[in-house]
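Every number here is computed from the coordinates shown, using simple stated rules; none is lab data. Just so we're clear, the structure is a prediction, and the values are computed from it rather than from any experiment. Reconstructed Cβ throughout: ideal geometry from the backbone, glycine too, with neighbour counts over all protein chains shown.
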Amino acid sequence: MRTCSGSTEPEGFRRNSLPGHNTLLAGGRWFNGKFMKLFRAPRAQETANVTPPTVDGRRSPSNTTEEEEEPQTGSPSVIVTFDQCLEDRLFSEASQNLREREELLFGPLAEAEGAQRREEEVKSLAEDYAVLRLHILQTLQQSLSLGIGTVNTDALTSAVKAVHQEDKQDQLWKQRDGTPPGWRPGGWKEFHDEALGSLVKDRMDNPSTLTDGQLVGKSSIMADICSMGRQLLDDLRLVVGVVKTCYPPQTDICGFYVRLYHQAFSARLGKIADFVLEDEDCRHLLCWVNEYYPERVQKLHLGCEDCTVLGKLLPQELLEPLEEQYLSSRQVELMTYVSRVLEEEKQKWNNGEEPAMEDGCYVSHVAYDIIQFIYGIVTSAAKVVGDVHKAQRITCKLNPLMQSFKVFQDEVMRLNRANSRAIVKANLGSVQQFRDVLEKNPHLFLDDVRGNCLSVLSEMKESAHAYLLLPVHDSLRPQYRKLGTSEWLNKGVFEKLLLSAQAVDEQLQGLKESCRQELVCQFHQDVTVEYVRRLLRGDVKLKDKERQNAAFAVVKNDAESLHALFVSMGSNQDWLKEILTKIAEVLKLQDVPAIQMQVASLGSAFPDLSEKHVSALLKLKTNISRADRKVVKETLSDTLRETGVAASHSFFSKVQVK
């Protein structure tokens, strides 16, 4: 009788009972009933006399007794049996043993034997294939159950090789004309793939639990997702570090495992997504789908295809409602935060508080706080939903909030309380910060939102400048009235205006330097606009060449003095000097063609110059006829029409003429 050590059987397996044999033994077509007891070659220590084996590994019966056998010389030959291979987990060698027996029974050179004996040997071989299959299954199932450094790589390598050998044997039988045994084809590759698929599914269905410390602050759904994700990453690290070495490179076992885990994780997350989730659970789920999973799997350096090729963990029909819920909640969070910041600022103003001062400048933290919140919330949302354009939706209602900021500033200026000027000065810093973020970080905003907010901020800056400069312009009004008059031509008037303009420094105290410079530039432009407006009003009549030359000298000198004053105050608006210089040249010129060229030059530089402006300027020169004025205006129209130059600076549109 064949003997078999119990240690060679997989746990829970019995010789006369094979659970699940219908799926393991090639569909169960060729095996029924109880297993026969298997004969095995005697161990080397049991006998030193070895007789040739039969096709099932058994020895031929001998008529001589042990005492009658002739003594042998030399070392006894050692036969490694099928059971020994299983016991030593040498599955590749066990597979070789079975295939050799298979060839003796079914191969081209199979020997004829008695029907009963052949039937016994076929059954014995079938049983051994079933046992080998179970041992390999058990080895595959254990390949991920232990930590790095404790996996039996030799056993797994041998099992993988056995599967490869058996698959080649299946292919060999497909090429033969004879009838294969009932266990062929055995579908060993499919058996291997299904075993790993079942293993992965079981590990993802029953992941290791988190520690108490890891559970802090997590809902049950978050803990479930996190434990699955950790299991996936830990297992893939084991695949990269150990399991991969047990497979031939061409099998791409890393890629195979990634696909299995992707499918299993996707299926589990899909079930979770079907629930009505809390906002934080929704965020956590999206984080795993769009951020944690792709980034962390990529860092494992699996050496297989990019995980993005596998697609998203969740289909679009499940992702869209989750993204909608998440983005809507973040949008509400942003609006609530901005509203609270503005309300707190308004309350301080109502309480008569002045803004804080830093380095002698009034500062408001409105913009800083809101900008930090916007940047953080949109940037994090872009990672959570995996798309910065989708994240921009969070700021789609920023324009009404910016309008609220403008309404607050308008109210501050309208009531003009004791602390109003300080608040407006502080707000200019916030306006500048908002504008910088909108211009330099377009990825945070939808295009129309960005454009609308910039427009609101521009209005806020202009109204704040007008409010802060109003007292200065009021003090300059007596000097403004004398511009463009006979008194102005007699000099002395403009010098007084310049002296009064220097007093603006007192009004600029408390502004941050960049805001102060912008306000000085605006003041520079305001004074120039007022100068040109008063001149074109026509109070002074330049009847002859002498008076026209005098006017030329005054305007040119005023342009130089005005430019020098404002440059000393920090203005960089050099182009304003060019306007007064070109106007002075028109006043001096006597020939109509020369006047035409100068007006054309002025129109090319400042396309918002209109025929009304030219007409008012030429009327100062009373020696120019209406017909000549018409010719000059036509020249301007032709120039603007032909060049089509866009205005780089808007100036004449601010100069109102009758």
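Length gained on full extension, A356 to E642: 97.6 nm, using 0.36 nm per residue less the C-alpha separation. Using a Förster distance of 35 Å, how high is the FRET efficiency between A594 and D448, based on the Cβ-Cβ distance and rounded to 0.05? Plugging the Cβ-Cβ distance into 1/(1 + (r/R0)^6) gives 0.10. Coupling constants for the stretch 332-342 follow from the phi torsions by the Karplus curve (6.51 cos²θ - 1.76 cosθ + 1.60, θ = phi - 60°), and in residue order they are 4, 4, 5, 4, 5, 5, 4, 4, 5, 4, 5 Hz; glycine and proline get x. For the stretch 99-105, putting each phi into the Karplus relation 6.51 cos²θ - 1.76 cosθ + 1.60 with θ = phi - 60° gives couplings of 5, 5, 5, 4, 5, 5, 8 Hz, in residue order, rounded to whole numbers and with x for Gly and Pro. Remark on L90: its backbone amide H falls under 5 Å from none of the residues 5 or more positions apart or on other chains, H modelled at 1.01 Å from N.
Placing R0 at 41 angstrom, the Cβ-Cβ distance between K390 and K201 gives a FRET efficiency of 0.80 after rounding to 0.05. Counting neighbouring Cβ atoms within 10 Å and putting the fewest first, the residues V240, V599 line up as V240, V599.
Assign one of three labels to the stretch 483-654, namely rounded, prolate or oblate, based on the Cα gyration tensor with a ≥ b ≥ c the square roots of its eigenvalues; rounded applies when a/c is under 1.5, prolate when it is not and a/b is larger than b/c, and oblate otherwise. It is oblate, given that a/c is not under 1.5 and a/b is not larger than b/c. Which of the three applies to the stretch 207-312, rounded, prolate or oblate, going by the alpha-carbon gyration tensor with a ≥ b ≥ c and a/c under 1.5 meaning rounded? In terms of gyration-tensor shape, prolate. Our coupling estimate for the stretch 247-256, obtained by passing each phi through the Karplus curve with A = 6.51, B = -1.76, C = 1.60 and θ = phi - 60°, is 10, x, x, 5, 6, 6, 5, 5, x, 5 Hz, Gly and Pro reported as x. With a threshold of 27 Å on the Cα-Cα distance, the over-threshold entries among K491/K588; K348/K440; K588/K612 are K348/K440. A cut-off of 5 Å between modelled amide H atoms, ignoring neighbours fewer than 5 places along the same chain, links T485 with no other residue. FRET efficiency for the S220 to Y337 pair, using the beta carbon distance and R₀ = 25 Å, is estimated at 0.30. Computed extension length for S500-S328: 56.4 nm, one decimal, from 0.36 nm per residue of separation with the Cα-Cα distance subtracted. Annotation: lysines with alpha-carbon distance below 27 angstrom to K244 (same-chain offsets under eight excluded): K161, K168, K189, K201, K299, K312.
From least to most packed, judged by other beta carbons within 10 angstrom and beginning with the fewest, F606, F256, F275 follow the order F275, F256, F606.
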